[in-house]
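Some notes on the structure that comes next.
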């Protein structure tokens, strides 16, 4: 148990520090690389939560595919040079602190409003499910029965986005 | 396979296919149109072919929706992802009809503006599919996905005129603010799920009643964020800033589509969410009340200051969102009926007004001022008459559908004790005369500035048919609203009845991850 706790604090600290690095670096490439570190730390936290499948997805999809896209866009747009800060002057900083305060307040509220015990999962049910169906099956099976309709709509959504991107990007037929 | 239309069991594949028939037909049509334009996309005839295929698909989906409606299809068993009730079928008809009218108007418009974008029609189909899913969503997840499907298609349609800088600006603005609004909505959904452990609308209602969550902070924050997201989508003040710029920069038929069908879909989803999931939460009445007042007052006042017709219509559509919010705020059966009736009337008049605007000029009609219509009555009497009827109906003048719709909203508001809201509605309508009447005065009372002032005005045969049908519908509904009102009453009640908080509702099954 103690080992898990140590690992948790280590990765949580790493996630926070690299997130700070991501938003404070001036160079977009450095920011993107810090973001990769954040995503790795989050994946480690998922493993600590017994959600290995989500951890692997996090690495494959976010740290892999999406970060590559980020870097491509940065290179294509030639954003390598540090530009001026977006948040300017006391008004911008004040707004940032105000919004951060609102978020903190919400977190505090949510801590107070813990969901009633009657709608929480019985302890150990997730672990039992993983024992029975395996890590992937427990995620995959509901996709094809309970959540079949949203799943199929998602595929249409992706198709529409694909067609839309082609329509906007192509110059001539 | 024996089907019982009155008790479709949505956990069985066959019954699910029947319940989703309109959506499935429309999906097939969209895929077919995509396939056809992949091979044929070079000549204007190909564009027309895609358009007619789209119309056929809309007709087939409309037939499927009508068939289910006629069979009085209902779902039985535990609440599922998709609602099967009259409200969904009537809303489907509204969306399909609006899309069909938009397609008809688009034929001539695309050719005149030389917008050779054959995917235009497929995207319209995807957008209307998203709308149907929004109105039929019994689950917040389906609702969100439907909303995204609709929005993504519309972001592209708004920017489909690739030569126009205003079009690109409109698309980008719509995309950014739409993504922002989706974020609010999604955050709200997450919090509601956190409070109730379900995303099903009926089960949320049951959970709120059985667990006594009316004052739970998490649920209320979630509800507030949901209302912000919907406020963006229906362009209610103070979330309206994007609407005029986006309508202004989009191709005019798309602007008309966004002002009517998109707004109607967002309203239908909002109506269902508030009616089914949050009927037991009193907090939203006050929020919607304030939204309605702000939207009516601000929308009408800013519309007064507009000089170009397109922006005036954009602000007018914001003001009308306020009137519809009044009907939502009443939260009664009469309010539901008035809401649906006004939605139909508003769709007809706004769509016809945008179609007429599309006939007026070129370059996206962004610079058509109200004064430019001077003397239109002498040169093109029928067009002037049609536009005059639309303006009078938007104003709420007797013998038009706009009057009847406003009248029923007023009755619903006063009979539920919202007298102040009704008074604001009347005052706002009086203000709106200040910008609707100048259009009519310019057409009928001012001389033509030059002999060829209206020479470029061209409303093709299909466009004329659309406008004529819409105007005839407005006048007919203004004289004989009974049939539509009956339909509106029955289907509006079908949303109310669902969240019965009686004891015979099965206890909410939790989404416990039990594999099979």
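General observations
- For the stretch B:209-296: rounded, prolate or oblate by the Cα gyration tensor [a/c cutoff 1.5]: prolate
- Compared with the dominant Cα axis of chain B, that is its longest principal axis, helix B:21-39 is turned about 50°.
- Ranked packing of B:427-434, B:250-257, B:27-34, B:331-338, most packed first, by mean Cβ within 10 Å: B:250-257, B:331-338, B:27-34, B:427-434
- Helix-only CD estimate at 222 nm, as mean residue ellipticity for chain B, using -39500 (n - 2.57) per DSSP H run (n ≥ 4): -24000 deg cm²/dmol
- Relative to the longest principal axis of the Cα atoms of chain B, the long axis of helix B:165-196 lies at roughly 20 degrees.
- Taking the fewest neighbouring Cβ atoms within 10 Å as the starting point, the ordered list for A:170, B:310 is A:170, B:310.
- Sorted largest first, extent of the stretch B:288-333 alpha carbons per principal axis (Å): 38, 16, 9
- D (Stokes-Einstein, µm²/s), Kirkwood Cα radius, the stretch B:426-480, 1.567 mPa s at 4 °C: 91
- Rg and Dmax [Cα atoms of the stretch B:253-346; Å; Rg one decimal, Dmax integer]: 13.8, 45
- For chain A, built as a Gaussian network whose Cα springs stay under 10 Å, the top-fluctuating residue of A:13, A:137, A:92: A:92
- With neighbour counts taken as other beta-carbon atoms within 10 Å, the residues B:69, B:382 rank, fewest first, as B:382, B:69.
- Convex hull of the stretch B:395-440 built on C-alpha atoms - directionally averaged projected area, nm²: 3.1
- Built from the Cα atoms of the protein assembly as shown, the convex hull projects on average onto 32.5 nm², one quarter of its surface area.
- Convex hull volume of the Cα atoms of the stretch B:134-241, normalised per residue: 87 Å³.
- Computed over Cα pairs, the Kirkwood radius of the stretch B:344-464 leads via Stokes-Einstein (1.306 mPa s, 10 °C) to a diffusion coefficient of 102 µm² per second.
- Rounded Å value of the spacing that divides the Cα centres of the stretch B:308-361 and the stretch B:265-297: 17
- Projected onto planes of every orientation and averaged, the convex hull of the alpha-carbon atoms in chain A covers 15.5 nm².
- Rg over Rh for chain B works out to 0.96, using Cα positions for both radii and the Kirkwood form for Rh.
- Helix B:309-330 axis, angle to chain B major axis (alpha carbon atoms, nearest 10°): 30
- If you bin all the Cα-Cα distances of the stretch B:1-98 at 10 Å, starting from zero, the percentages per bin are 16, 40, 26, 14, 5, 0.
- Computed [θ] at 222 nm, deg cm²/dmol, chain A (DSSP H ≥ 4; -39,500 (n - 2.57); rounded to nearest 500): -24500 deg cm²/dmol
- Footprinting exposure proxy for A:153, B:370 (fewest neighbouring C-beta atoms within 10 Å first): B:370, A:153
- Two-decimal ratio, the stretch B:121-191, of alpha-carbon radius of gyration to 2.2 N^0.38 Å: 1.18
Only the coordinates and a few stated rules stand behind these numbers; no lab work does. Quick caveat, the model's predicted, so the values are computed rather than measured. Quick reminder, even Gly has a Cβ in these numbers, built from the backbone with ideal geometry, and neighbours come from all protein chains shown.
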